[in-house]
Amino acid sequence: MTTISYIDAINAAMQEELQRDENVFVLGEDVGVKGGVFGTTKGLMEQFGEERALDTPLAESAIAGVAIGAAMVGMRPIAEMQYSDFMLPATNQIISEAAKIRYRSNNDWQCPIVIRAPFGGGIFGGLYHSQCPESIFFGTPGLKIVAPSTPYDAKGLLLAAIRDEDPVLYFEHKKCYRSVTGEVPDEDYIVPIGKADVKREGDDITVITYGLTVHFALQAAEELAKEGIEAHIVDLRTLQPLDKEAILESVRRTGKVLILHEDNKTGGVGAEVSAIISEELLFELDAPIARLCGYDVPAMPISPPLEKFYMLNKDKVMEAMRKLALF
Amino acid sequence: MNHKSSAVETTRHEQLGLTDAQVLEMYRTMLLSRRFDERGLLLQRSGKINFHVSGIGQEAAQVGSAFAFRKQHDYFLPYYRDYAFVLAVGMTVRELMLSIFAKAEDPNSAGRQMPGHFGSKRLNIVTGSSPVTTQVPHAAGIALVAKMKKQDIVTYASFGDGSSNQGDFHEGCNFAGVHKLPVVFVCENNQYAISVPYSKQVACESIADRAVGYGFPGVRVDGNDPLEVYRVTKEAHERARRGEGPTLIETVTYRISPHSTSDNDLAYRTKEEVDYHKGRDPIPRFREYLYACGVLSESVETDMEAELAGIIKEATTYADQAPFPQPEDTLKYVYGDESI
Ligand SMILES: Cc1ncc(C[n+]2csc(CCOP(=O)(O)OP(=O)(O)O)c2C)c(N)n1
Ligand SMILES: [Mg+2]
């Protein structure tokens, strides 16, 4: 085991896959010479050459579309969207093309691409460098969607995504890049897509979340333990397909659930998680399903007090967890 | 001894390196496509199928392009009117019929997609969709792989004139231009995008002019002349193979049929206009040429018409009688792992 940062875990996964499989290549804006605006692809061009860490024109639909074309003839492209906010010009390629290629051709053609997109706020990015766009793609059959919270999951899920036979959207939280470190195995491993992970065990309340807010929940749980409240924390890791079994099992354990995410509340992933719980477990609940999510405003503003107001943090999460525990 | 006079001119097709047998095959493919298309319209009228979209009038442009490519070698991303194109690169009429009847055995999509949404890995015909020009960046991606892997493969992507206004057309062409990719983009300019005429789609005189902005040649060609289309496409194909990058070809044609079986075209264009273009139909024109150079004769033609009628009849009966997909097949192939 080695302790590395979240961003280094992403970089290491790409580096190892480029090394292992000559069909893997990375493409996107500034991913080559500069190594990415966040440094996620640093060193890849130097090690693997310009073609395998390909600087593309500033055109997201082409980045996705070219990757799709390449994937259909046997490549394993990793397409980087510089910010997930700028993924929207590629939405048609992702939803109309990548998601439907296997289905529309009756399994004759496949589209094994990975689209990496830095998402989330808390970095003074303003409206267009802070969004969580997962709900736009969530509910599109044919796509897989992952959103890791730790270096272990970041590396393992990226390796799994690159080796997957279907298109995978890989949302990496910008705020986690350098603020989150953790242990990663030295040997090859993957984190299977479609499997949630229990990040902390407890018997009083269940928290279901993903991405940056996993850390707020874990920090809050440590403090609440001092008050005698033990939280059970589930990190979804994969948003599509959701790990239904893990969701139900974790809620059964405590009878109380808080769903937490940074993306705005209406139509978010939490709404579906909540529906699954209501459909299957309504009579086993000891409290109404609770959700703590981003506000339903178009996106988070840049001004520090506004961003702080929008973003979840340990204290807001702790308050919601305590309220649920005391219900 | 009966020597051929040296004064005999070499024919246009010989000058292009095409044999008599090849031009006859070009003509046969155009005619086969036309007969299929006519049958498709009839089947829709009679309620046998739900929908048909026709390529009538564009056969010369399509066959001229297709003959410049290598079957089961190059990659093809055709658009929904390209029946003659896909027939030329190996699809059969039976397969097309299975597609318009939406039957399980349809190799394009097993009855999932509308007619004209081609796809066949066996024939290197890349699966297509309805949102126009999404295939243009795909073609660039496939051509990028050919370049990366140093493979001698050229990619074809076609689309309509109105569709050349889409962002994906621009993004795909630009990408291919920057990386000098081995791809030929073909705009089949049939003067209309449903009801909207060319003059209300673009302000430039020619779609081919757009290529300048991408740093590669744009060529405008008479799409009713299969030999001229073949000539410019062959040049573009050779440019691509030499590593000189993409070409945009605009084949100027006319959409003789309504946009689709759901369209009443006389609401936006006159019968006189359509009749004028019927008079310039590429099929009788090519036929005349083939007669003039002695490639086609009455007996060859009679046999050909009989052969094609047989093919259409057999394919129609076969597809009509073929089973539909099972209703539950709707659930198949969302992911590679069927347990999801
Ligand atoms: C993105 C998108 N918008 C609208 C449509 C509906 N549509 C289908 S064909 C068509 C006209 C296309 O015209 P053109 O590109 O000239 O091709 P043609 O049909 O004339 O061959 C339209 C508007 C579509 N398929 N895709
Ligand atoms: Mg048109």
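General remarks:
- Take B:326-333, B:133-140 and order them by the average number of nearby Cβ atoms within 10 Å per residue, most first; the result is B:133-140, B:326-333.
- Antiparallel content of DSSP bridges confined to chain A, in %, to 5: 20
- Gaussian network model of chain A, springs between alpha carbon atoms under 10 Å - residue of A:Asp166, A:Asp286, A:Asp263 with greatest fluctuation: A:Asp286
- Under a Gaussian network description of chain A, with springs only between Cα atoms under 10 Å, the residue in A:Pro185, A:Pro148, A:Pro241 that fluctuates furthest is A:Pro185.
- Relative contact order, whole percent, for chain A stands at 17, derived from Cα pairs under 8 Å and 6 or more residues apart.
- Among the GluC sites (Glu not before Pro) in segment A:196-254, those placed in a DSSP loop whose Cβ has at most 16 other Cβ atoms within 10 Å are A:Glu201, A:Glu227, A:Glu230.
- Rounded Å value of the spacing that divides the Cα centres of segment B:19-66 and segment A:163-177: 45
- Relative contact order of segment A:39-132, defined on C-alpha pairs under 8 angstrom at six or more residues apart (%): 28
- Pairs from A:Lys100/B:Lys121; B:Lys103/B:Lys271; A:Lys244/B:Lys121 whose Cα-Cα separation, in the structure shown, is over 25 Å: B:Lys103/B:Lys271; A:Lys244/B:Lys121
- A DSSP coil position with no more than 15 other Cβ atoms inside 10 Å describes the following chymotrypsin sites (Phe, Trp or Tyr not before Pro) in segment A:67-158: A:Phe124.
- The protein assembly as shown - share of DSSP beta bridges that are antiparallel (%, nearest 5): 20
- From phi via Karplus (6.51, -1.76, 1.60), per-residue ³J(HN,Hα) for segment A:135-143 in Hz, x at Gly/Pro: 5, 5, 9, 4, x, 9, x, x, 9
- Under 5 Å, built H, 5+ apart or other chain: amide partners of B:Arg220: B:Glu250
- Chain B, relative contact order [Cα under 8 Å, separation at least 6], %: 21
- Neighbour net charge for B:Tyr291 - beta-carbon separation under 12 angstrom, K R +1, D E -1: -1
- Amide H contacts of B:Gly128 (H built 1.01 Å from N, under 5 Å, at least 5 apart or other chain): B:Phe118
- √(5λ) per eigenvalue of the Cα gyration tensor, segment A:1-117, largest first, Å: 24, 16, 13
- For chain A, excluding the exposed loop sites themselves (trypsin sites (Lys or Arg not before Pro), DSSP loop, at most 16 other Cβ atoms within 10 Å), the longest remaining stretch covers A:35-194.
- A simple rule links phi to the HN-Hα coupling: the Karplus curve 6.51 cos²θ - 1.76 cosθ + 1.60 with θ = phi - 60°, which for segment B:38-46 gives 4, 5, x, 5, 5, 5, 5, 4, 8 Hz, with x for Gly and Pro.
- Reachable aspartates and glutamates, given that their alpha-carbon falls under 19 Å from the alpha-carbon of A:Lys265 and they are not under 8 places away in the same chain: A:Asp85, A:Glu134, A:Asp235, A:Asp296, A:Glu307, A:Asp315, A:Glu319
- Checked against a 28 Å cut-off, the cross-linked pairs A:Lys34/B:Lys234; B:Lys200/B:Lys278; A:Lys155/A:Lys314; B:Lys147/B:Lys332 give Cα-Cα distances beyond that limit for A:Lys34/B:Lys234; B:Lys147/B:Lys332.
- If both residues of a DSSP beta bridge must be in segment A:197-326, then about 20% of such bridges are antiparallel.
- Counting Cβ atoms of other protein chains within 10 Å of each residue's Cβ and taking the mean over peptide B:172-181 gives 4.
- Gaussian network model of chain B, springs between alpha carbon atoms under 10 Å - residue of B:Thr127, B:Thr233, B:Thr29 with greatest fluctuation: B:Thr127
- Surface per residue (accessible, 1.4 Å probe) for segment A:197-326, Å²: 44
- J(HN,Hα) series, segment A:97-110, from Karplus relation 6.51 cos²θ - 1.76 cosθ + 1.60, nearest Hz, glycine and proline x: 9, 3, 5, 10, 5, 5, 5, 5, 9, 6, 6, 6, 10, 10
- Total formal charge among the other residues, if their Cβ is under 9 angstrom from that of A:Ser61, Lys/Arg +1 and Asp/Glu -1: -3
- Local electrostatic count at B:Glu171 - Lys and Arg +1, Asp and Glu -1, tallied over other residues with Cβ under 14 Å: -3
The values are calculated or read from the model by the stated rules, or taken from the named source; none is laboratory data. This structure is a prediction, so every number in the text was calculated from the model and none was measured. In this analysis, Cβ positions are derived from the backbone assuming ideal geometry, glycine residues included, and neighbour counts consider all displayed protein chains. With ligands, DNA and RNA removed, areas are computed over all heavy atoms of the protein, side chains included. Shrake-Rupley method; radii C 1.70, N 1.55, O 1.52, S 1.80 Å.
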